[in-house]
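Report on the following structure.
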Amino acid sequence: MTPDLSPEAYKLIEEAGKAAAELAATNPAPVDHTNLLASIAEIRAQHVDPTSPIYAGHPERVAQSERAIQVLLARANIVEEPETVMQTAEREHAAAFSMTEMHPNMKEIVASRVAAVEALGEFGIKARREEVRQELGFRQHDELIRLARATLPAGKPLPIAIEADLHALRLVAAQGKYLLARDATKPKVSP
């Protein structure tokens, strides 16, 4: 006991200390798990990395690592939110349709072919376009143009030089078909 305090004051201080200890035991201070979660995210990224020297081609290592991660999360009292069906569908769809832009080499080929057609002048471009329409048939040419327009922002016209070169048109139309398939198969929430 401290000589300056009465026995009652000492008893009150002791009771307050016990109450604070009980409160701390039932309501521990929040712990920042940011670094732990960042490390786990890095490890999980390595799980799916095909160039990872540790996990690539070793599903048993991935499974063992995932079990260790689950133990760490349980010890840290972290409950992961399960991925919803919609989140899974969106993630898998994005992975399946990852080439939203035409490959740079393909863009270069299209640009060089378009430049060659543009060098013909306005009359030459129109004549070449009609040759391509005759070669393909009107219906197929129009279908390729429709697909090629899918690569452009809404309202932007397809350059006539692309319509006048069969190979450039087919390349751009193939990209457009890919983008249309991506949009048509996007996961949707059903009512």
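Here Ala45 passes the criteria (1) at pLDDT 85 or above; (2) part of a loop (DSSP other than H, G, I, E, B) except the one numbered (2).
Annotation for the range 45-59: no member residue is touching a helix residue (DSSP H, G or I) at 6+ places or on another chain (Cβ under 6 Å) and β-branched (Val, Ile, Thr).
In summary, Ser112 fulfils each of the numbered conditions (1) among the small types (Gly, Ala, Ser); (2) exposed (fewer than 13 other Cβ atoms within 10 Å of the Cβ); (3) over 34 Å from the mean Cα position of the chain (by Cα) with the single exception of condition (3). Taking the conditions (1) within 30 Å of Gln175 (Cα to Cα); (2) of a type outside the set (Gly, Ala, Ser); (3) at pLDDT below 85 in turn, Tyr10 satisfies each one other than (1). For beta carbons closer than 8 Å, sequence separation of 6+ or different chains, a first residue in the range 43-64 that is aliphatic (A, V, I, L, M) and a second that is surrounded by fewer than 11 Cβ atoms within 10 Å (Cβ to Cβ), the qualifying pairs are Ala56/Pro50. A single entry from Glu122, Glu101 fulfils the requirement of being exposed (fewer than 12 other Cβ atoms within 10 Å of the Cβ) and in a helix (DSSP H, G or I): Glu122. Only a single criterion out of (1) modelled with pLDDT under 80; (2) among the hydroxyl-bearing types (Ser, Thr, Tyr); (3) surrounded by 10 or more Cβ atoms within 10 Å (Cβ to Cβ) is not satisfied by Thr2, namely (3).
Of all the residues that make up the range 125-162, how many are assigned to a helix (DSSP H, G or I) and within 20 Å of Ala184 (Cα to Cα)? Talk me through it step by step, then tell me what you get.
Here is the first cut: in the range 125-162, the residues assigned to a helix (DSSP H, G or I) are 125-136, 138-149, 160-162.
When the remaining residues are screened for being within 20 Å of Ala184 (Cα to Cα), the result is 143-149.
Qualifying residue count, the range 125-162: 7.
Does any residue of the range 163-179 turn out to be assigned to a helix (DSSP H, G or I), aromatic (Phe, Trp, Tyr) and either within 20 Å of the chain's Cα centre (by Cα) or modelled with pLDDT of 95 or more (or both)? Taking every residue of the range 163-179 in turn, at least one turns out to be assigned to a helix (DSSP H, G or I), aromatic (Phe, Trp, Tyr) and either within 20 Å of the chain's Cα centre (by Cα) or modelled with pLDDT of 95 or more (or both). The set of residues in the range 60-89 being under 23 Å from the mean Cα position of the chain (by Cα) and either more than 23 Å from Ala38 (Cβ to Cβ) or among the hydroxyl-bearing types (Ser, Thr, Tyr) (or both) consists of Thr84, Val85, Met86, Thr88, Ala89. In the range 56-95, the residue that is farthest from Tyr178 (Cα to Cα) out of those that are in a loop (DSSP other than H, G, I, E, B) and of a type in the set (Asp, Glu) is Glu80.
The values are calculated or read from the model by the stated rules, or taken from the named source; none is laboratory data. This is a predicted model, so every value here is computed, not measured. Neighbour counts are summed over all protein chains in view; Cβ atoms, including those assigned to glycine, are modelled from backbone coordinates with ideal geometry.
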